[in-house]
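What follows is a single structure, written as structure tokens, with notes after it.
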């Protein structure tokens, strides 16, 4: 089955209305959302995505619905990884918590625009050059390795970001203090930008880097541009509320990057297999299709994505609980130690007697 045009247009208009309403809500009432409020919004957006998948099932069949769910979950997991960087940016630039919602919403809009451009370019390239799947697959496998073993990559990204920020500060007059959530302010009668413009630049750079990773990943699941774009929209919707809901829990998901790396590697291999099936390169198999390569269907991809995220999340929470228990035990042992025991431990390390004989004062 094929998706009717009226459904595609209606869905995009409805999603655009929801995003605009969400943005107006932030502009008119900036605040720090409570855990209950954030939870309700996250549940609402997840339910909305599942309803959309159900509509796809009814209108176009299970294959379309499965592609959307698999793509949505992949982009959602990558978006959660994106939140780690957002937390660092908010802390680095000391963004008042009251205005972090606006920063996140602007970041989401920038991400949607960038991903929309990348999706259109990617769809056009794929339609003309099927061999690009070899490049996408190799890129995702390399990205998966970097995700699993980051090394000093985060330091390099911070240096690049710092270079962009320094360049911005040299070219643009920026005040030292925030002026609410304003981007422009007046200091000593001179108009200038607030540090908020620097935060937006940092968020934009982050979105650009993540778009480069995420778009090839979802094209490994589906080549339908509408499914790709709506999966990205649903993954980004609710990300703002998820930021406040997770809060300190992000630090506890210590194995999440391994789950994401496995997903990216799996999709990378799937892309290479697909390229081999559609092979037209004359120096590979004489330009003929390679038929013996296994076919990875949508439902297998969906299962791998779900299992990977569940395993990574459960392993992270178990490790966090074990670390908490160890911290409690260490704290308890520290409180029960007496000064005499501590002196004996130090003396043992120094190789000296723990006590000194008192002089005989009766002589």
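Give the relative contact order (percent, whole number) for segment 199-320; include only Cα pairs under 8 Å separated by 6+ residues. Provide the component values of the computation, followed by the final result.
Working: 66 pairs, mean separation 37.6, N = 122.
Relative contact order here is 31 percent.
Express in nm, to one decimal, how much length is gained between residue 182 and residue 37 on full extension, taking 0.36 nm for each residue of separation and deducting their alpha carbon distance.
On the way: separation 145, 0.36 × 145 = 52.20 nm, distance 2.50 nm.
Stretched out fully, the residue 182 to residue 37 stretch lengthens by 49.7 nm.
Over 21 Å, how big is the tail of the calculated P(r) for segment 84-151, in percent of all Cα pairs? Please report the intermediate quantities before stating the final value.
Working: 1192 of 2278 pairs.
Value for segment 84-151: 52 percent of Cα pairs lie more than 21 Å apart.
First measure r as the distance between the Cβ atoms of residue 121 and residue 332, then evaluate 1/(1 + (r/R0)^6) with R0 = 41 Å and state the FRET efficiency to the nearest 0.05.
Numbers: r = 58 Å, r/R0 = 1.42.
Rounded to the nearest 0.05, the efficiency is 0.10.
Using only Cα atoms, locate the centre of segment 94-131 and the centre of segment 256-286, then give the distance between them in Å, rounded to an integer.
If we compute the Cα centre of each part, the gap is 24 Å.
Rank the residues 276, 192 as a footprinting-exposure proxy: fewest other Cβ atoms within 10 Å of their Cβ go first. Write down the numbers at each step before the final one.
Details: 276 20, 192 16.
In increasing order of surrounding Cβ atoms, one gets 192, 276.
Could you line up 135, 221 from fewest to most neighbouring Cβ atoms inside 10 Å?
Values: 135 15, 221 28.
Sorted ascending by nearby Cβ count, the order is 135, 221.
Pull out the extension gain between residue 277 and residue 7, defined as 0.36 nm times the separation in residues minus the alpha carbon to alpha carbon distance; nm, one decimal.
94.0 nm
Would you mind putting 48-61, 73-86 in packing order, based on average other-beta-carbon counts within 10 Å, highest first? Spell out each step's value before the answer.
Working: 48-61: 16.0, 73-86: 21.8.
Final packing ranking: 73-86, 48-61.
Kirkwood Rh, Cα Rg: Rg to Rh for segment 13-90?
Working: Rg = 15.2 Å, Rh = 14.7 Å.
Reported Rg/Rh, Kirkwood definition of Rh: 1.03.
Throughout, read-outs are computed from the coordinates displayed, never taken from laboratory work. Every value quoted in this text rests on a predicted model; they were computed, and no experiment measured them. Glycine also receives a Cβ, built like all others from the backbone with ideal geometry; neighbour counts cover every protein chain displayed.
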